[in-house]
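**Q** Below: one structure in structure tokens.
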Amino acid sequence: MRLNRTRRSLLPRILLGLVAAFVLIQLVPYGRAHSNPPVTATPAWSDPDTKALFARACADCHSHATVWPWYSNVAPVSWLLTRHVEEGRSKFNASVPGFGREAHEAAKQVESGRMPDRSYLPLHPEARLSAAERTQLAEGLALTFGRDEDRGEQDGN
């Protein structure tokens, strides 16, 4: 009987502690200064369908056209989203000259199913690609940005 009371009195304290921790992490400044820098380059897309599929499934993380949803302002989700976008833009960004150090790998990433990232899909169902769309996007990205194999041939390998 006494153990039951102890558990019941402990539960509100734990809940209060969790709420307090949630409120306190909102004070961490990282993850809420969302910015979409100016677009300084635009790809010569292979076709309009590739551009549309890219906008639907890739642009939030791989361009300066990121749509920041309301939950991107709530920690700790804001931290995760900001990190994903920063990482995505650093590898491949369709809005900057040269398009990033891994632009030539974009087709392979889509073709293999590694992109769009699985963590992105639950809240962005529009980014789910059918097998035909995946193939079409991969082919369009290869035509637009090249392939990893093409890069090896250019380097003389």
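The values are calculated or read from the model by the stated rules, or taken from the named source; none is laboratory data. Bear in mind that the values here come from a model prediction, so they are computed numbers and not experimental data. Note: ideal-geometry Cβ built from the backbone for every residue, glycine included; neighbour counts use all protein chains shown. When the accessible area is computed, the model is the full protein with side chains, heavy atoms only, and any ligands, DNA or RNA have been set aside. Shrake-Rupley method; radii C 1.70, N 1.55, O 1.52, S 1.80 Å.
**Q** Yes or no: L141 open to solvent by 60 Å² or more (accessible area, probe 1.4 Å) and under 29 Å from P38 (Cβ atoms)?
**A** no
**Q** Can you tell me how many residues in region 116-130 are part of a loop (DSSP other than H, G, I, E, B) and closer than 20 Å to P69 by Cα?
**A** Going through region 116-130 one residue at a time, the tally reaches 10.
**Q** Do you know which of the residues in region 88-102 that are touching a residue at least 24 places away in the same chain (Cβ under 8 Å) and loosely packed, with under 14 Cβ neighbours inside 10 Å is farthest from H34 (Cα to Cα)?
**A** Here the residue is G98.
**Q** Could you please find all residues in region 1-50 being modelled with pLDDT under 80, farther than 24 Å from T82 by Cβ and among the hydrophobic types (A, V, I, L, M, F, W, C)?
**A** Within region 1-50, M1, L3 qualify.
**Q** Next up: With the condition being of a type in the set (V, I, T) and out of contact with any Cys (no Cβ under 7 Å at 6 or more places or on another chain), I'd like the helices (runs of 4 or more DSSP H) fully within region 1-105 carrying at least 1 qualifying residues.
**A** Counting at least 1 such residues, we get 2-25, 48-57, 77-91.
**Q** When you scan region 49-64, do you find a residue that is charged (D, E, K, R) and touching a Lys or Arg at 6+ places or on another chain (Cβ under 9 Å), even just one?
**A** no
**Q** Count, please, the residues in region 112-144 that happen to be of a type in the set (D, E, K, R) and farther than 17 Å from D47 by Cβ.
**A** 5
**Q** Find the residue count for region 63-87, including only residues that are open to solvent by 30 Å² or more (accessible area, probe 1.4 Å) and either closer than 15 Å to V39 by Cβ or of a type in the set (V, I, T) (or both).
**A** Matching residues across region 63-87 total 4.
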